[in-house]
Amino acid sequence: MSTTTFTYQFESQTFTGNVSFPTGVFIDGKFSAGSKGTTIDVINPSTGKVVTSIAEGTPDDVNRAVKAAKRAFDESWGLKVPGSQRGKLLNKLADLFEQHSDELAALEALDNGKTFNWAKAADVAASIGVLRYYAGWADKIHGQVIETHEDNLAYTRHEPFGVVGQIIPWNFPVMMVSWKLGPALATGNTVILKPSEFTPLSALRVCSLINEAGFPPGVVNVVVGYGNTVGQAISEHLGIDKVAFTGSTLVGRKIMEAAAKSNLKNVTLELGGKSPNIVLNDADLDLAINWSVHGIFWNHGQTCCAGSRIYVQSGIYDEFLRRFTEKAKSLKLGDPFAKDSYQGPQVSQIQFDRIMGLVDAGKKEGATVHLGGERHGNEGYWIQPTIFTDTKPDMRIVQEEIFGPVAVVIKFEDEEDALRQANDTLYGLAAAVFTTNLTKGIQFAHKLQAGTAWVNCVNSLQPNVPFGGYKQSGVGRELGEYALQNYSNIKSVHVNLGQVIQF
Ligand SMILES: NC(=O)C1=CN([C@@H]2O[C@H](COP(=O)(O)OP(=O)(O)OC[C@H]3O[C@@H](n4cnc5c(N)ncnc54)[C@H](O)[C@@H]3O)[C@@H](O)[C@H]2O)C=CC1
Ligand code: BAL
């Protein structure tokens, strides 16, 4: 099979237009069929029907991509290219994202099922911000001169690793492209990116934008394929010096194991979460309810930092639950391309089954289904916004990441007890507290065991603020200046200015 072109006519309330771009494995600036000539079906989760088929990448394609990335690193990228030039290209890529933001948002809505409006306003807009942020860093990467003694000049250099592998999930397809490419390219690495097999369209569209921006061939290579083939090949490849992953804790563990068993490549992981959201008696209720609804139902609950465990203090519990439920009921489930839709379908049959399995577990374990708990509609992968009450701390729905529109609302009396329950999880990605007492809010933020603590908001992610997990939610930080460390090797240089060694 040779390179194919994906063509689709969108006609909807939010986007109308013809989108057409080449697909295939993208290696050395060119598209081609995968080495086996096989394909992967891309499904529209709103209907469960096939939208198109794209080339399936293979471990042989990963080998080819590594060769191209290594050559690009040695000849036309890395420290061969001034940071200002790397920044210029990243800015150009951001401009192209902006120019094509409708198209990128439409592709997200098509194969992920998120709404066009949110995809454009949040995912694509945030991606542009992240690319611009790292473009700004590209010529500001520097080490330190370290004073030792008069006869020694000691300094550090922040050097790129070389070829880095990046494996990303399906919940924020284009945003994860930007989180991964931004810091890796700013610091001078070349990349093999593996998008999720469920949501490859926006990443494949980005490949043409990479060429248009003027990145030398081989700097960015994109191989769509399955986790146990392409993902595994990246994790264990001897020619790859670092792997960055976003996805489940289960797969994060496998990646770390493969890295350890191969070349001990540097590993960063952004994994799952079961984030607590604590609402105190003195909270501004309107604010707390709106943010809490957004915290769990935005992106259909498929957010690693979703506020899925909502702890509400007894004095406001009844009113919170009543108004939280009303708000959840008012969320419009519908066509991701409709103007007023808030929630679309879950991404895949697998995720639908996984979420409904956990909902059933909640029912069987004796929790009360306060709202929802059933599928929505007759086709595709839609699930009603669901609220459980009367839970117990050891129930699966309280402990496990559901990654769907399912909240557990838990009453508490005592603040110390809320804190203890909030921290009673193997995860530590994010946590939130709602209170009008800012001193108390900050005290909670300091005691919550999470990489991000929000006071009076949730899901706030900024390009210049680091994000990542405590405990089994991850290793390393993305975003902000800290993410540059994920992609830099630090070299210490000592220059002897006259010290003589005597024997
Ligand atoms: N932290 C986050 O943002 C995400 C968390 N998840 C969690 O993971 C659960 C399962 O979702 P999945 O799609 O199965 O996530 P996953 O962790 O399997 O998939 C994420 C990426 O890893 C790749 N992958 C899978 N197996 C691999 C392997 N052995 N080696 C290397 N790469 C591999 C996949 O192809 C995909 O590109 C969700 O229900 C959710 O709880 C899923 C996606 C994103
Ligand atoms: N994985 C990055 C953002 C999120 O899922 O919340």
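Among the residues making up segment 1-57, those that are polar (S, T, N, Q), open to solvent by 40 Å² or more (accessible area, probe 1.4 Å) and modelled with pLDDT of 95 or more are Thr5, Thr7, Gln9, Gln13, Thr16, Asn18, Ser20, Ser35, Thr38, Thr39, Thr47, Ser53.
Here is a yes/no grid of residues against (1) over 21 Å from Ala418 (Cβ atoms); (2) of a type in the set (Ser, Thr, Tyr); (3) touching a strand residue (DSSP E or B) at 6+ places or on another chain (Cβ under 7 Å):
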residue	(1), (2), (3)
Thr246	yes, yes, yes
Lys261	yes, no, no
Asn266	yes, no, yes
Ile289	no, no, no
Tyr311	no, yes, yes
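Lys274 falls short on exactly one of the conditions (1) among the charged types (D, E, K, R); (2) closer than 30 Å to Trp77 by Cα; (3) within 16 Å of ligand 2 (Cβ to nearest atom), and that condition is (2). The sole residue among Leu79, Leu104, Leu110 that is surrounded by fewer than 24 Cβ atoms within 10 Å (Cβ to Cβ) and either touching a helix residue (DSSP H, G or I) at 6+ places or on another chain (Cβ under 6 Å) or part of a helix (DSSP H, G or I) (or both) is Leu79.
Can you name every residue in segment 149-171 that is of a type in the set (Asp, Glu) and open to solvent by less than 70 Å² (accessible area, probe 1.4 Å)? Listed by number, the residues that qualify are Asp151, Glu159.
Checking each residue in segment 232-267 for being part of a helix (DSSP H, G or I), crowded, with 16+ Cβ neighbours inside 10 Å and more than 16 Å from ligand 2 (Cβ to nearest atom) picks out Gln232, Ala233, Ile234, Ser235, Glu236, Lys254, Met256, Ala258, Ala259. Considering (1) buried (at least 24 other Cβ atoms within 10 Å of the Cβ); (2) farther than 18 Å from Pro216 by Cβ; (3) among the hydrophobic types (A, V, I, L, M, F, W, C); (4) more than 16 Å from ligand 2 (Cβ to nearest atom), the lone condition that Ile141 does not fulfil carries the number (1).
For first residues located in segment 427-441 and closer than 8 Å to Ile278 by Cβ, partners that are within 13 Å of ligand 2 (Cβ to nearest atom) and assigned to a loop (DSSP other than H, G, I, E, B) and lie 6+ apart or on another chain with Cβ distances below 8 Å form the pairs Ala431/Ser275; Ala431/Ala450; Ala432/Ser275; Ala432/Gly307; Ala432/Val458.
Considering segment 25-55 alone, what residues qualify as being among the acidic types (Asp, Glu) and not in a loop (DSSP other than H, G, I, E, B)?
Of the residues in segment 25-55, the ones among the acidic types (Asp, Glu) are 28, 41.
Residue satisfying the conditions is Asp41 alone.
Do you know which residues across segment 208-241 are in contact with a Phe, Trp or Tyr (Cβ under 6 Å, 6 or more places away or on another chain) and within 17 Å of Trp170 (Cα to Cα)? The answer is Val222, and nothing else.
If you check Val243, Val224, which single one turns out to be under 29 Å from Val66 (Cβ atoms), touching a Ser or Thr at 6+ places or on another chain (Cβ under 6 Å) and in the same structural domain as Asp95 (by TED's automatic domain parsing)? Criteria check complete, one pass: Val243.
For segment 454-479, a residue qualifies if it is part of a strand (DSSP E or B) and more than 18 Å from Leu426 (Cβ to Cβ), and the qualifying residues are Trp454, Val455, Phe467, Glu478.
If you go through segment 268-298, how many residues are part of a helix (DSSP H, G or I) and either open to solvent by 10 Å² or more (accessible area, probe 1.4 Å) or of a type in the set (A, V, I, L, M, F, W, C) (or both)? Give the steps one after another, and end with the answer.
Keep residues of segment 268-298 that are part of a helix (DSSP H, G or I), which gives 285-298.
Okay, now just the ones that are also either open to solvent by 10 Å² or more (accessible area, probe 1.4 Å) or of a type in the set (A, V, I, L, M, F, W, C) (or both), so 285-291, 293-294, 296-298.
The total comes to 12.
Kindly indicate whether Ala138 is among the hydrophobic types (A, V, I, L, M, F, W, C) and within 16 Å of Glu481 (Cα to Cα). Yes: the conditions hold for Ala138. Each residue in segment 114-164 was checked for being over 23 Å from Val493 (Cβ atoms) and out of contact with any strand residue (DSSP E or B) (no Cβ under 8 Å at 6 or more places or on another chain), and 22 of them qualify. Collect the residues in segment 383-393 that are without any contact (Cβ under 8 Å) to a residue 60 or more places away in the chain and under 27 Å from the mean Cα position of the chain (by Cα), keeping them in residue-number order. Gln384, Thr386, Phe388, listed by residue number. So for segment 118-141 (the condition being more than 22 Å from Ser208 (Cα to Cα), among the polar types (S, T, N, Q) and not in a strand (DSSP E or B)), does at least one residue qualify? Checked segment 118-141: no residue is more than 22 Å from Ser208 (Cα to Cα), among the polar types (S, T, N, Q) and not in a strand (DSSP E or B).
Residues that are within 14 Å of ligand 2 (Cβ to nearest atom) and in contact with a helix residue (DSSP H, G or I) (Cβ under 6 Å, 6 or more places away or on another chain) within segment 279-307 comprise Ala306, Gly307, listed in sequence order.
Please indicate, with yes or no, whether at least one residue in segment 319-328 is part of a loop (DSSP other than H, G, I, E, B), at pLDDT 95 or above and open to solvent by 10 Å² or more (accessible area, probe 1.4 Å). Lay out the reasoning, then the answer.
Taking segment 319-328 first, the residues part of a loop (DSSP other than H, G, I, E, B) are none.
No, segment 319-328 contains no residue that is part of a loop (DSSP other than H, G, I, E, B), at pLDDT 95 or above and open to solvent by 10 Å² or more (accessible area, probe 1.4 Å).
Residues of segment 360-409 that are crowded, with 20+ Cβ neighbours inside 10 Å and of a type in the set (Gly, Ala, Ser): Gly362, Ala367, Gly372, Gly373, Gly380, Gly404, Ala407.
The values are calculated or read from the model by the stated rules, or taken from the named source; none is laboratory data. Predicted, not measured: the structure shown is a model, and the values here were computed from it. Heads up, the Cβs are rebuilt from the backbone with ideal geometry, glycines too, and the neighbour counts pull from every protein chain shown. Please note that ligands, DNA and RNA were not included when accessible areas were found on the heavy atoms of the full protein model with its side chains. Shrake-Rupley method; radii C 1.70, N 1.55, O 1.52, S 1.80 Å.
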